[in-house]
Amino acid sequence: MTEIIRAEGLVKEYIQGGRPVRALDGVDLAVEEGEFLAIMGPSGSGKSTLLHILGALDRPTEGRILIRGVDLSRLSDVELAELRNREIGFVFQFFNLIPRMDALSNVELPLAIAGIPREERRRRAIELLKLVGLGDRMTHRPSELSGGEQQRVAIARALANDPSIILCDEPTGNLDSKTGEEVIGLMKELNLKSGKTFIIVTHDPAVAQMTERILYLHDGRIVGEKRREMP
Amino acid sequence: MRTLDTLLYALDGVRERKFRFALNIIGILIGGAAITSLLAITQGVNRDVSEQMELLGPTTIAVTPGGFGYGGKGFLTMKDMERVRRIPHVEVATPIISMSATVVIGGRTGIVSIVGVVPEEYLQVIKNIEVAEGRFIRRGDMAAAVLGANIAQPPGEEEPIVDVGSRIAVTIKTEEGIKKATYRVAGILKETGGAFIISPDDVIYISLRAAQQLFDMGNRIHRIAVEADAIENVEYVVEAIEDELGEGVLVISAGFVRETVGRITTSLQVLLGGVAAISLIVAGIGIVNTMTISVMERTREIGILKAVGAKNRDVLLIFLSEALITGLLGGVLGVLSGIFLGQVISSIAQLTYNIVLSPYITPTICFTVILFSSITGVLSGLYPAWRAANLNPVEALRYE
């Protein structure tokens, strides 16, 4: 298998209340293409910060990240935006859909940003919403959808430009356990069918149970790793 | 992101905040309407004056004594007129006597200008006089008068208050006492819409000799109307008259009047437009304020946009488009309201001060107002849009 993400000596410091805080303190990480990976750790351990940096939303204070061998520190902000648009999909705890837009328009957003023509955008969004099982809810706004449905829209949006990496920040954190399981099930299915790489930040052991590899983060460092053979 | 998609996204954004958007538009609209109506009115004045000048021909020149007006000390004499007549390139030079008198017409009394002219010469200079009924006065008429359109039928009257053939009584006060005269109405003029030197609509014409006798003028006259033989000689004639008659004489050509009025209306346009532009600036500040609030409220949305790959430029353009839409729409509605407002102002002016203002909307005015409104919108949107574009995506996503 080929390595898709490599992080070397990641340090992230920021100033909080006038004092420097070290959110990441030397993280090394390698992710293979098609992996289904969980990152676990208590709150404040730096999980989300790590995810943001891996997703090119933020730059590390020290260290570097390579995605398919490309060093992100060498990319301009515009190039990072393009990378986020094409190569990376985000799924958040609070879904982060745009409330005034229906499911279709939310899914179309990354496609619109990529400059894809309207008709093709619509066709692709319909396809994706059907794929996540929302074929009959496409014109509903987020407020008219249940939590599980909203997260499915978010997953469809993350898949819009057919990225190879999907980064999930507590994707089940705002769902009941049954819905959460369904959502993770959907992700697992996408992982198996399309070979997309999933990195899931969670503190839910039930979610972690469904992954092949779990990294444990504590005080900004990776303190453990558990690998399992999946059936 | 494609331009059309950016605009559509921006439109979607303003639709979500209709009330605020409407208030911003109204702000721009008021400024735009004020500028449009004021520019249109001054433009209208300029046009009206130019049209009248056009009517008279650019070769007409008026000579009046300097100082204070007709009733004052300033007089010209028939000798002055003879001197003017001898200047090269002067085709016609004709004397005019013009004084106010109390006149009784058809049972009504009013103060009217009585103008004494040498008819055949006068008509060569003032070309827009046409007789509606009867005839114009003749050189030898001593008891005939011709009435301007507004005298025979005052504005607001449905019927003329006097007929050809009826008599009018004129009373003037002299140093010796009251002097009375009676004239027969020989003719009534068509409406001319005004003229240079004297407005034919609002006066009573009698012959020069009759006027000399009535006002006891002797050799004195009030004005000289001059016609130069060609446009290119007007300037020469004006200067020659000034040289001939010396200081204290005012020589005015139609071109000079037009130029002066043009200068005055331009200054007025700048002044009034400037005052109105202040309201546009105030509206702009309102947009800065509301858009900054909007950006704060939409911080999370901006974070989402950036997470799914929007560049700073995309975000900047989205917010600038919102500002542009506000300015553009406000400008267009402002022009439309301004056209209406111009009509309202001119109606009020007509009703309360009896001033005729005809607003003149030119494509340039519309285009300028819309352009400036749009620029105001975009400039106002610049700071909030810049703020939005430069939000840190991670912090924006965390924003509650």
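The values are calculated or read from the model by the stated rules, or taken from the named source; none is laboratory data. Not measured: the values here are computed from a predicted model. Note that we place each Cβ from the backbone using ideal geometry, even for glycine, and neighbour counts take in every protein chain shown. Accessible surface areas use protein heavy atoms only, side chains included; no ligands, DNA or RNA. Shrake-Rupley method; radii C 1.70, N 1.55, O 1.52, S 1.80 Å.
Some notes on this structure:
- Per residue value of the accessible surface for segment B:285-400 (all protein chains in place, 1.4 Å probe), Å²: 47
- Per-residue 3J(HN,Hα) values for segment B:284-294, derived from phi via the Karplus relation 6.51 cos²θ - 1.76 cosθ + 1.60 with θ = phi - 60°, read x, 5, x, 5, 3, 4, 5, 6, 5, 5, 4 Hz in sequence order (x marks Gly and Pro).
- Fraction of the pair-distance distribution of the protein assembly as shown above 33 Å, Cα-Cα pairs, percent: 63
- Largest to smallest principal axis extent of the C-alpha atoms in chain B, angstrom: 98, 48, 35
- Solvent-accessible area buried by pairing B with A, both sides, nearest 100 square angstrom, 1.4 angstrom probe: 2200
- The aspartates and glutamates within cross-link reach of B:K180, meaning a Cα-to-Cα straight distance under 14 Å and a gap of 8 or more places when in the same chain, are B:D216.
- Percent antiparallel among DSSP beta bridges (both partners in the protein assembly as shown, rounded to 5): 70
- A:I200 exposes around 0 Å² of accessible area when a 1.4 Å probe is run over every protein chain in place.
- Peptide B:314-320 is shielded by partner chain Cβ atoms: per residue, an average of 1 of them sit within 10 Å of its Cβ.
- Highest-first arrangement of A:218-229, B:14-25, where packing means the average Cβ count within 10 Å: B:14-25, A:218-229
- A:H218 long-range amide H proximity, modeled H, under 5 Å: A:V223
- Highest GNM mean-square fluctuation among B:G381, B:G331, B:G110, for chain B modelled with Cα contacts below 10 Å: B:G110.
- Solvent exposure of segment A:64-220 as accessible area per residue, Å², 1.4 Å probe: 41
- Residue by residue along A:97-109, Cβ atoms of other protein chains within 10 Å of the local Cβ number 3 on average.
- Cross-link pairs exceeding 26 Å in C-alpha to C-alpha distance, out of A:K12/A:K188; A:K188/A:K226; A:K193/A:K226; A:K130/A:K188; A:K196/B:K311, comprise A:K12/A:K188.
- Per atom type, the protein assembly as shown shows carbon and sulfur on 56% of its accessible surface, probed at 1.4 Å.
- For chain B, built as a Gaussian network whose Cα springs stay under 10 Å, the top-fluctuating residue of B:I105, B:I355, B:I231: B:I355
- Selection of trypsin sites (Lys or Arg not before Pro), segment B:109-202, meeting DSSP coil and at most 16 other Cβ within 10 Å: B:K127, B:R135, B:R138, B:R139, B:K190
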